[in-house]
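Heads up: the structure comes next, in structure tokens.
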Amino acid sequence: MDFIQLVISGLANGCVYGLIALGFVLIYKATEAVNFAQGDFMMIGAFVCLGFTNSDFLGLNFWLSIVLAMGVMAILGYLFDWGILRHMSGQSQTSIVILTIAVGFILRFLAGSIWSHEPVSLETPFAGEYVRAGGLVLGVDEILIIVVTILLTFGLYLFFSRTKLGVAMQAASQNQLAAYYMGIPVKRIQSLVWALSGVVAAVAGILFASKGAIDPASGLLGIKAFAAAAIGGFGSLPGALVGGLIIGLIEPLSARYAPDGFAGIARIAPYAILIIVLIFRPGGLFSQTQKKKV
Amino acid sequence: MSNADVVLRIDNLESYYGPIQAIRGVSLEVRQGQIVTVLGANGAGKTTLLKTISGVMDPEKGTVKLEGTEIQGAEPDKIVNRGLVHVPEGREIFPLLSVAENISMGAYTRSDKAEIAHDVELVYSYFPILKERMAQAAGTLSGGQQQMLAIGRGLMARPRIMLLDEPSLGLSPLLTEEIFDIISRLNQEQKVTMMLVEQNAAVALGVANYGYVMELGRIVMADDASTLASSKDVQEFYLGITEEENQRGQRRWKQRKTWR
């Protein structure tokens with residue numbers, strides 16, 4: 001029982017990591033840039049939703065606030081690419097990486113000034129509620145996190161495989177030049193991918209905040225999600241989710257079952273896994289590298 | 001000569017890679033229903049010329065007119081919209097997408113569903129192997145099949161003119177022949193106007209109506225394909241047919257080109 005309980009809460013955490021990792025991979029595949037502010041996007045997404053719904057702020061309906069937060073983050077993502085990154089094309093990867101790190105700092109500062117530097121909890125209709133099932137006590141928040149992640153993943157799968165825009169996003173990420181030749185407006189597509197990753201970040205942030213509190217430093221969770229993305233093979237969407245789940249599971253399990261005096265192992269376990277994966281499968285668990293035929 | 005049937009007209013086009021001038025004032029025209037070939041050795045500027053026409057590169061000087069409208073310097077997606085499609089050198093397919101998805105991306109600029117479905121069938125009728133491999137990831141196709149896919153994908157834009165860059169690159173002579181057969185059938189049956197860039201001058205002149213010879217960024221010869229094929233210079237330098245030995249039983253190794 002104890003074990004199953006841990007697994008479920010680990011999966012719930014893992015879903016959040018996985019969704020942030022998904023944001024990393026979306027951006028990386030589309031633009032070959034690593035967005036180190038992805039964790040901070042998530043944090044901002046949570047704060048935006050909190051700003052709409054919490055009674056201290058606007059006090060809107062919770063579900064409406066979620067939709068609004070997703071919209072705001074989509075616009076933010078789009079504008080970030082359109083207004084800043086597009087003008088950096090041709091610059092080295094390093095400068096783009098440093099730019100996103102800097103943006104992360106700015107977002108953390110902004111969130112602190114607008115909302116709070118202290119942890120704030122998101123007021124959800126299901127806060128503190130739980131269900132009992134055969135000796136298990138499951139928080140509604142944890143169940144919702146898992147369900148929402150499954151739904152979002154399925155939705156993204158349909159979007160990328162069935163819609164013209166989704167396929168075009170894949171095409172532009174696989175062969176940018178060829179996408180240009182086909183008349184696909186690559187730059188606009190890239191901005192739309194940023195918008196999509198903003199939406200995913202908003203969902204991740206809201207889920208994260210719903211089972212606890214959110215503060216500006218929560219964005220640093222992005223580092224763990226980065227490890228998750230790397231475990232999954234940085235470039236594979238299912239890989240990112242699986243990587244997130246692995247990290248989410250390993251944390252509580254290693255804390256619980258570590259020998260006495262080694263409880264701190266939970267903190268390094270995600271990175272230990274990352275190193276092991278990189279040694280034995282340098283491309284990640286779901287590597288998608290393919291050689292080009294001439 | 002009337003100008004009504006000129007699909008593509010290029011005047012004094014100049015293009016640079018940084019400080020290096022790759023295209024040094026090229027003028028040419030392609031008429032409705034023609035296959036026009038541009039021959040030339042490595043580094044002559046053929047690919048750069050196509051890239052400049054399709055908008056992937058911007059020219060420094062000169063004009064590109066597609067059916068009378070200037071398109072030089074426009075974004076590539078606008079140019080595809082106007083009916084000029086570029087089938088790039090080295091295939092450049094989308095490796096992880098399926099064959100069917102690759103083909104559908106060729107029609108990205110169109111939204112007429114029924115017509116698109118009709119054109120997909122048309123592409124499959126010319127390249128039956130692609131229909132068999134429909135659901136397969138395009139990166140797993142052989143080189144020749146990838147070239148067929150690239151041409152098929154280009155057709156999906158229903159172009160007024162198609163630019164083909166080295167369709168024979170890396171293919172066996174047998175496959176090259178097969179691809180060129182289809183190219184010439186597409187031209188005759190579907191009336192697709194084409195501009196064909198090739199190193200393999202023999203096959204290119206075989207299907208083309210008109211040809212230009214390019215060297216170091218300039219056009220040095222222009223004539224009907226059959227006239228070009230029988231010209232001494234083209235035979236010597238592009239078709240590899242060498243002159244008979246002269247009376248003293250010696251060959252002149254340092255042949256001069258007549259345009260020098």
Practice prompt. Look at the stretch A:143-188 and say how many of its residues are part of a loop (DSSP other than H, G, I, E, B) and either within 10 Å of another protein chain (Cβ to nearest Cβ) or at pLDDT 95 or above (or both).
Written response: 5
Worksheet item: If B:Ile10 passes every condition in (1) touching a Pro at 6+ places or on another chain (Cβ under 7 Å); (2) open to solvent by less than 30 Å² (accessible area, probe 1.4 Å) but one, which one does it miss?
Response: (1)
Worksheet item: Failed condition for A:Gly10, given (1) assigned to a helix (DSSP H, G or I); (2) buried (at least 24 other Cβ atoms within 10 Å of the Cβ), with all others met?
Response: (2)
Item to complete: Using the structure shown, decide if A:Ala102 is among the small types (Gly, Ala, Ser), in a helix (DSSP H, G or I) and surrounded by 21 or more Cβ atoms within 10 Å (Cβ to Cβ).
Response: no
Practice prompt. For the stretch A:82-89, state whether one or more residues are over 20 Å from A:Ala202 (Cα atoms), assigned to a helix (DSSP H, G or I) and open to solvent by 40 Å² or more (accessible area, probe 1.4 Å).
Written response: yes
Worksheet item: Looking at B:Leu149, B:Leu122, which is the one that is surrounded by 23 or more Cβ atoms within 10 Å (Cβ to Cβ) and in a helix (DSSP H, G or I)?
Response: B:Leu149
Item to complete: Can you run down the residue pairs with Cβ atoms below 7 Å, 6 or more apart or on separate chains, where the first is in the stretch B:132-150 and touching a residue at least 24 places away in the same chain (Cβ under 8 Å) and the partner is of a type in the set (Phe, Trp, Tyr)?
Response: B:Ala138/B:Phe94; B:Met148/B:Phe127
Worksheet, complete the sentence: (1) in contact with a Ser or Thr (Cβ under 8 Å, 6 or more places away or on another chain); (2) over 17 Å from A:Ala111 (Cα atoms) all hold for A:Val67 apart from (1)
Worksheet entry | Residues located in the stretch B:103-118, provided they are more than 8 Å from every other protein chain (Cβ to nearest Cβ) and buried (at least 21 other Cβ atoms within 10 Å of the Cβ) | B:Ile103, B:Ala107
Discussion item. Anything in the stretch B:125-146 that is assigned to a helix (DSSP H, G or I) and farther than 20 Å from B:Gln190 by Cβ? List them, or say none.
Written reply: B:Glu132, B:Ala138, B:Gly139, B:Thr140, B:Gly143, B:Gly144, B:Gln145, B:Gln146
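Listed residues B:Val220, B:Val192, B:Val213; which is touching a helix residue (DSSP H, G or I) at 6+ places or on another chain (Cβ under 6 Å) and either modelled with pLDDT of 90 or more or surrounded by fewer than 20 Cβ atoms within 10 Å (Cβ to Cβ) (or both)?
Numbers: B:Val220 fails: touching a helix residue (DSSP H, G or I) at 6+ places or on another chain (Cβ under 6 Å); B:Val213 fails: touching a helix residue (DSSP H, G or I) at 6+ places or on another chain (Cβ under 6 Å).
Only one candidate passes the filter, namely B:Val192.
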Practice prompt. Find all pairs meeting these conditions: Cβ atoms under 8 angstrom apart; at least six residues apart or on different chains; first residue within the stretch B:162-173 and within 13 Å of chain A (Cβ to nearest Cβ) and buried (at least 23 other Cβ atoms within 10 Å of the Cβ); second residue in a loop (DSSP other than H, G, I, E, B) and aliphatic (A, V, I, L, M).
Written response: B:Met162/B:Val192
Discussion item. Please go through the stretch B:24-54 and give me each residue that is more than 15 Å from the chain's Cα centre (by Cα), at pLDDT 90 or above and either within 17 Å of B:Glu70 (Cβ to Cβ) or among the small types (Gly, Ala, Ser) (or both), ordered by number.
Written reply: B:Gly25, B:Val26, B:Ser27
Worksheet item: Which residue pairs have Cβ atoms under 7 Å apart, sit 6 or more places apart or on different chains, and have a first residue in the stretch B:42-59 that is more than 14 Å from chain A (Cβ to nearest Cβ) and more than 17 Å from B:Glu198 (Cα to Cα) and a second that is assigned to a helix (DSSP H, G or I) and not charged (D, E, K, R)?
Response: B:Pro59/B:Thr52
Practice prompt. Output the residues belonging to the stretch B:79-92 that are at pLDDT 90 or above and more than 7 Å from every other protein chain (Cβ to nearest Cβ).
Written response: B:Ile79, B:Arg82, B:Gly83, B:Leu84, B:Val85, B:Val87
Worksheet item: Given (1) farther than 22 Å from B:Tyr238 by Cβ; (2) open to solvent by less than 20 Å² (accessible area, probe 1.4 Å), where does B:Gln21 come up short, assuming only one miss?
Response: (2)
Worksheet item: Just checking, how many residues over the stretch A:232-263 are more than 15 Å from A:Gly14 (Cα to Cα) and open to solvent by 50 Å² or more (accessible area, probe 1.4 Å)?
Response: 7
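Any idea which of A:Ile206, A:Ile279 is open to solvent by 40 Å² or more (accessible area, probe 1.4 Å) and not aromatic (Phe, Trp, Tyr)? Even if it seems obvious, please write down each step before you answer.
On the way: A:Ile206 fails: open to solvent by 40 Å² or more (accessible area, probe 1.4 Å).
On inspection, the qualifying residue turns out to be A:Ile279.
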Response to the item:
Subset of the stretch B:53-70, residues buried (at least 19 other Cβ atoms within 10 Å of the Cβ) and not small (Gly, Ala, Ser), comes to B:Ile53, B:Met57, B:Pro59, B:Val64, B:Leu66
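The values are calculated or read from the model by the stated rules, or taken from the named source; none is laboratory data. Quick caveat: nothing in here was measured; it's all calculated off a predicted structure. Note: ideal-geometry Cβ built from the backbone for every residue, glycine included; neighbour counts use all protein chains shown. Side chains are part of the model used for accessible areas, which takes the heavy atoms of the whole protein and leaves out ligands, DNA and RNA. Shrake-Rupley method; radii C 1.70, N 1.55, O 1.52, S 1.80 Å.
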